[in-house]
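Here's the structure, in structure tokens; my notes come after.
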Amino acid sequence: MTLKKTLSAIMATVMLFALTACKGGSGKASDLDIKLNGVTVSAPFTVEKLGSDYSVGNANLTIMCKNEIVAGVVFDKSSTESDYRKKRVSSLFSIADGGTKSVSVNGIVTGSTQSEVLKAIGDPWKKEEESLCLWAYHEDGKSDDDNYLVIFFNNDKVSSIVVKPE
């Protein structure tokens, strides 16, 4: 994995947890159709559930399929499980600038347009367009920084997706 891809993946994860904000639309992570390489992701999600072709790589920051990176990953910090294939995944994200379409949320992948996102997922809870364009989706009743989905855009096209599968 190149340094640029690693930094992009880390930036996406940091942005997911750093967002704070205003009141807005509602929804639930459980209402999303999340897929990785066409395989449905269900809660509680682990790499092991994907099958034997999948492994954890690159300092436990990526999910690999047959030695190819397919997604970035953040594992549940509270887990005592030592085998990362069995650890619960708290966040899954497409690798920005990686050209991969392996992470899909309601059919939205990298390269999808903003209008396609609105049609497939609906209005975001928050839009941030100052330093970089992102849309955040937040479940009512959760803390302001607990977004279950963040979508990053570059020129109206999805450049990265960060989703909490639970």
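The values are calculated or read from the model by the stated rules, or taken from the named source; none is laboratory data. Since the model is a prediction, treat every value here as computed from it, not as a measurement. All Cβ positions, glycine included, derive from the backbone under ideal geometry; neighbour counts span all protein chains shown. Note: accessible area is taken over every heavy atom of the protein model, side chains too, but ligands, DNA and RNA are not part of it. Shrake-Rupley method; radii C 1.70, N 1.55, O 1.52, S 1.80 Å.
The number of residues in the stretch 59-80 being farther than 27 Å from residue 143 by Cα and open to solvent by 60 Å² or more (accessible area, probe 1.4 Å) comes to 4. Among the residues making up the stretch 143-162, those that are part of a loop (DSSP other than H, G, I, E, B) and either of a type in the set (Asp, Glu) or open to solvent by less than 10 Å² (accessible area, probe 1.4 Å) (or both) are 144, 145, 146, 156.
One residue stands out among those in the stretch 95-129 that are modelled with pLDDT under 90 and under 25 Å from residue 58 (Cβ atoms): the one that is surrounded by the fewest Cβ atoms within 10 Å (Cβ to Cβ), which is 99. If you check residue 90 against the conditions, is it under 20 Å from residue 150 (Cα atoms), open to solvent by 20 Å² or more (accessible area, probe 1.4 Å) and modelled with pLDDT of 55 or more? Against the criterion (under 20 Å from residue 150 (Cα atoms), open to solvent by 20 Å² or more (accessible area, probe 1.4 Å) and modelled with pLDDT of 55 or more), residue 90 qualifies.
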